[in-house]
Every structure is written in C-alpha cells, then in structure tokens.
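Worksheet: one structure, shown below.
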Amino acid sequence: MTAAFSEWLQSQGYDSVLVNLDPGADTLPYEPDVDIRDWINLADIMKEYKLGPNGAQIVAADLLAVNTSKISEVLAGFETDFAVFDTPGQLELFAFRDSSRKIVEAFDPEASMICFLIDPMLARNPNGFVTSMILSTITNFRLEMPVFNTVSKADLLTEEERERISEWSDSNEVLFNALMDEVSGAQNQVSMEVLRALETVGAGGGVGFASAETMSGIEDIYTVAQEISSGGTDREPR
Ligand SMILES: Nc1nc2c(ncn2[C@@H]2O[C@H](COP(=O)(O)OP(=O)(O)OP(=O)(O)O)[C@@H](O)[C@H]2O)c(=O)[nH]1
Ligand SMILES: [Mg+2]
C-alpha cells in the first residue's frame with residue numbers, strides 16, 4: 001500500500017518521502033528514503049539478546065523509539081509534500097507498544113493520520129468486520145490520531161462482498177442483524193454491547209476499499225489525508 005500510495009501521489013505531481021518502520025521487513029516493494037533497518041537489525045538483536053524471532057521483533061519495536069530522533073533528523077532534511085510511514089503489520093508490534101506513541105508524537109501529529117488497513121478475508125463476515133473495527137478503535141485510542149479504515153487488497157473481494165461490507169459500515173442496524181444471524185444466542189448480549197460501544201465512539205462509518213494491485217481506492221486515502229493535513233483543499237505540489 002505504501003508503494004501504491006506513493007506511486008499515486010507521484011502521478012498527481014506530489015512528492016513523498018517513504019519511511020520504513022518495520023525492522024522485520026525482508027523485502028519491500030518500494031525504495032525507502034528512510035529505513036529503520038539502517039539502525040536496527042533483527043538478526044543482530046536475536047544474537048545480542050539471545051532471543052527467537054518473536055522476542056526479537058518486540059525488542060526491535062522498543063528500539064524504534066530510541067531511534068526516533070535519528071529518523072526525525074534525517075526526515076527534517078527532506079522537502080516533500082507527504083511522508084508515508086510503513087509500520088509493522090502486527091498491532092502487537094506497533095499500536096500496542098508504548099514506544100509507538102513517542103514515534104507518533106515526534107512526527108507532526110497535528111497534520112498526520114493513520115490509514116488502518118483491514119484484512120479483506122477478515123472483513124468478509126460480520127464477526128471479522130466487527131473485530132477489525134475494534135482493532136481500529138484501539139489503534140485510535142492508543143495513538144490518539146485520526147484513523148481512516150480501508151479494506152486493503154479489495155480486489156480479492158467480490159462486488160457483492162464489498163457492497164455487504166459497505167452496508168455494515170453505513171448502518172449499525174444492518175450490521176447487528178447480520179451479526180445476530182452469525183453468532184450463537186449466548187453471544188448476543190456481548191455483540192450488542194460491543195456494537196453499542198463502537199457506535200458511541202463513532203467507529204465503523206465510512207470504510208474505504210483500496211487495492212495496491214488495481215490502484216482502486218488509493219485516491220480516497222489521499223482525500224482523507226488531505227482533509228486532515230490541510231483542511232480539505234488540494235495542496236499545490238512542491
Ligand atoms: N491481490 C492483492 N495482493 C496484494 C495487494 N497488496 C499486496 N498484496 C500481496 O500481499 C502479500 C503481502 O503483502 P502486504 O500485505 O503488503 O504485507 P507485508 O507488508 O508483506 O506484511 P506485514 O507488514 O508484516 O503485514 C504480498 O504477496 C503482496 O504482493 C493487493 O492490493 N491485492
Ligand atoms: Mg508491511
């Protein structure tokens with residue numbers, strides 16, 4: 001998505017700086033301008049801390065914060081329209097670490113947003129969709145930053161599946177009925193309370209669909225980013 005988004009920005013005349021914050025990334029489909037792997041190496045951490053790959057990922061996540069000032073310094077040297085941060089795919093390694101707050105605070109939080117990428121296979125059924133909304137809400141709660149929900153790899157869904165997900169995202173009642181058809185009776189109360197909480201905090205509305213494969217929906221991410229960073233008016237490219 002990082003690669004697709006920067007490609008789209010470029011096609012519109014915007015420049016972007018791409019920042020890889022995933023120390024565990026093996027290969028990337030884009031050339032990062034700033035790369036956390038220049039400072040943090042997973043193999044070194046495994047050796048130094050005598051950890052397996054999972055423990056090393058957690059240490060690496062905390063080392064991210066230690067290196068924030070170095071990344072900021074490098075970033076400050078760029079004149080660009082947008083900075084796109086690619087974070088580790090697992091929430092445990094980003095949103096759930098205290099260090100991530102420091103990272104978010106270091107990079108112009110007022111003009112920033114999180115694009116929360118929802119797994120299309122998870123979003124296909126009501127329980128999975130609600131689970132995605134809960135995770136997105138937690139991310140918003142943890143990092144105190146506006147979140148735009150986008151079902152990624154949307155090309156893997158059928159038109160009907162996308163329509164159904166849109167209906168769930170537009171109407172809590174439709175989602176509730178779909179959920180009731182899916183879960184066992186014993187879960188009804190839990191489902192109802194979870195949905196009520198999501199409704200209260202305003203989660204779930206306006207879910208986007210994007211595909212890095214077909215480039216559909218990438219513009220919607222830009223539109224939200226634009227609204228947040230400069231009040232909705234299209235920015236003049238540098
Ligand atoms: N069909 C389809 N496949 C995609 C799309 N975007 C990425 N992929 C594929 O999905 C696989 C996983 O890629 P990503 O979702 O980008 O995940 P990642 O960055 O490697 O993994 P994490 O950061 O650890 O979550 C790769 O094989 C990609 O080629 C898309 O829009 N459509
Ligand atoms: Mg990734």
(message) When 1/r is averaged over all different Cα pairs and the result inverted, which Kirkwood radius in Å belongs to the stretch 170-238?
(response) 14.9 Å
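Hey, any idea what Rg/Rh is for the stretch 1-99, computing Rh the Kirkwood way over Cα pairs?
Working: Rg = 14.2 Å, Rh = 14.2 Å.
Taking Rg over the Kirkwood Rh, I get 1.00.
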(request) Please tell me the relative contact order of the stretch 1-64 in percent, rounded to the nearest whole number, where contacts are Cα pairs under 8 Å and at least six residues apart. (result) 26 percent
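Would you kindly state how much longer the chain becomes between E182 and A25 on full extension, computed as 0.36 nm times their sequence separation minus their alpha carbon distance, in nm to one decimal?
My answer for the length gained is 52.9 nm.
What shape does the stretch 34-151 have by the C-alpha gyration tensor, where a ≥ b ≥ c are the square roots of the eigenvalues, rounded means a/c under 1.5, and otherwise prolate means a/b greater than b/c and oblate the rest? Write down the numbers at each step before the final one.
Numbers: a/c = 2.17, a/b = 1.22, b/c = 1.77.
Oblate shape, in that a/c is at least 1.5 and b/c is the bigger or equal ratio.
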(request) Could you do me a favour and compute the accessible area per residue for the chain, 1.4 Å probe, result in Å²? (result) 54 Å²
(message) Could you work out the pair-distance distribution P(r) of the stretch 49-111 from its alpha-carbon pairs, with 10 angstrom bin width and percents rounded to whole numbers?
(response) 19, 49, 25, 6, 0
(request) Counting only C-alpha contacts under 8 Å and six or more residues apart, can you give the relative contact order of the stretch 143-238 as a whole percent? (result) 36 percent
(request) In whole Hz, with x marking every Gly and Pro, tabulate ³J(HN,Hα) for the stretch 26-33 from phi via Karplus 6.51 cos²θ - 1.76 cosθ + 1.60, θ = phi - 60°. (result) 8, 10, 10, x, 8, 9, x, 7
(request) Pop out the ³J(HN,Hα) list for the stretch 141-146 in order, Karplus 6.51 cos²θ - 1.76 cosθ + 1.60 with θ = phi - 60°, rounded to Hz; leave Gly and Pro as x. (result) 5, 5, 9, 6, 9, x
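What number in nm² do you get for the stretch 88-204 if you take the convex hull of its Cα atoms and divide its surface by four?
Its Cα hull, projected and averaged over all orientations, spans 7.9 nm².
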(request) State, as an integer percentage, the relative contact order of the chain based on alpha-carbon contacts under 8 Å between residues 6 or more apart. (result) 21 percent
(message) Under a crude label model (7 Å from the Cα following the beta-carbon direction), how far is K102 from V194 in nanometres?
(response) 3.4 nm
(request) Rounded to the nearest Å, what's the spacing between the alpha carbon centres of the stretch 67-131 and the stretch 159-208? Just the number, please. (result) 25 Å
(request) Could you list the residues of the stretch 192-220 with an amide nitrogen less than 17 Å from a label point located 7 Å from the Cα of N172 in the Cα-to-C-beta direction? (result) 192-207
(request) Calculate the radius of gyration of the Cα atoms of the chain to one decimal place, then report Dmax, the largest Cα-Cα distance, as a whole number, both in Å. (result) 18.9, 58
(request) Work out from phi, with θ = phi - 60° and the Karplus expression 6.51 cos²θ - 1.76 cosθ + 1.60, the ³J(HN,Hα) of each residue of the stretch 83-96, listed in order in whole Hz, and give x for Gly and Pro. (result) 10, 10, 9, 9, 9, x, x, 8, 4, 4, 9, 10, 4, 8
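Whenever you get a sec, compute what percent of the accessible area on the stretch 126-213 sits on carbon and sulfur atoms (1.4 Å probe).
Values: 2350 of 4630 Å².
It is 51 percent, rounded to a whole number.
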(request) Report the normalised scattering of the stretch 1-44 as log10 I(q)/I(0) at q = 0.16 Å⁻¹, calculated by the Debye formula with identical scatterers on the alpha carbons. (result) -0.45
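The values are calculated or read from the model by the stated rules, or taken from the named source; none is laboratory data. All figures in this text were calculated on a predicted structure; none of them were measured in a lab. Neighbour counts are summed over all protein chains in view; Cβ atoms, including those assigned to glycine, are modelled from backbone coordinates with ideal geometry. Keep in mind that these areas ignore ligands, DNA and RNA; they rest on the heavy atoms of the full protein, side chains included. Shrake-Rupley method; radii C 1.70, N 1.55, O 1.52, S 1.80 Å.
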